[in-house]
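Chemist: Supplied in structure tokens, the structure appears directly below.
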Amino acid sequence: MSRARKPRRRSPRRPPPGPAVLQYKVVELSTVDEGSLEYAVNHWVEQGWSLENVQFAMRESSKRPAMAFVFFTRAGAVEAQAAAQGAGQARSEDAWGRLAALAAEGED
């Protein structure tokens, strides 16, 4: 014998957040010391970036790192990326058109 199911109550749902693109920033430090790392992290975090990771490049002959790569991320809008890609496509189409026009002028 099967039981009748209760209808589920629908809770008001918030719409899902808009899609975001994760942007990355890589900062290369050739002088690796406490001051340079601290400055790089504080400088970019103040500008809205989040610290993601720090990678050190080591020398074989030393225990101190030769270089450091500091990785930051932040959420960017899809619209901004799409607009930038659209501008790049328009620019490249204009460039091809200009190149064709210059080639046509050269044939005269």
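The values are calculated or read from the model by the stated rules, or taken from the named source; none is laboratory data. Computed from a predicted model, the values in this text were never measured in an experiment. Positions of Cβ are backbone-derived with ideal geometry, glycine not excepted, and every protein chain shown enters the neighbour counts.
Chemist: Taking the criterion of being touching a Pro at 6+ places or on another chain (Cβ under 6 Å) and either part of a loop (DSSP other than H, G, I, E, B) or modelled with pLDDT of 90 or more (or both), would at least one residue in the stretch 18-34 satisfy it?
Modeler: Looking for residues that are touching a Pro at 6+ places or on another chain (Cβ under 6 Å) and either part of a loop (DSSP other than H, G, I, E, B) or modelled with pLDDT of 90 or more (or both), one finds at least one in the stretch 18-34, hence yes.
Chemist: Which of the residues belonging to the stretch 43-62 are out of contact with any Leu (no Cβ under 7 Å at 6 or more places or on another chain) and either among the basic types (Lys, Arg) or outside any strand (DSSP E or B) (or both)?
Modeler: Of everything in the stretch 43-62, those that are out of contact with any Leu (no Cβ under 7 Å at 6 or more places or on another chain) and either among the basic types (Lys, Arg) or outside any strand (DSSP E or B) (or both) turn out to be His43, Trp44, Glu46, Gln47, Gly48, Trp49, Arg59, Glu60, Ser61, Ser62.
Chemist: Could you tell me whether the stretch 67-78 includes any residue that is assigned to a helix (DSSP H, G or I) and either modelled with pLDDT of 95 or more or in contact with a Phe, Trp or Tyr (Cβ under 8 Å, 6 or more places away or on another chain) (or both)?
Modeler: no
Chemist: Right, here's the next one. From the set of residues in the stretch 54-76 that are without any contact (Cβ under 8 Å) to a residue 12 or more places away in the chain and small (Gly, Ala, Ser), which is surrounded by the fewest Cβ atoms within 10 Å (Cβ to Cβ)?
Modeler: Only one residue fits best here, namely Ser61.
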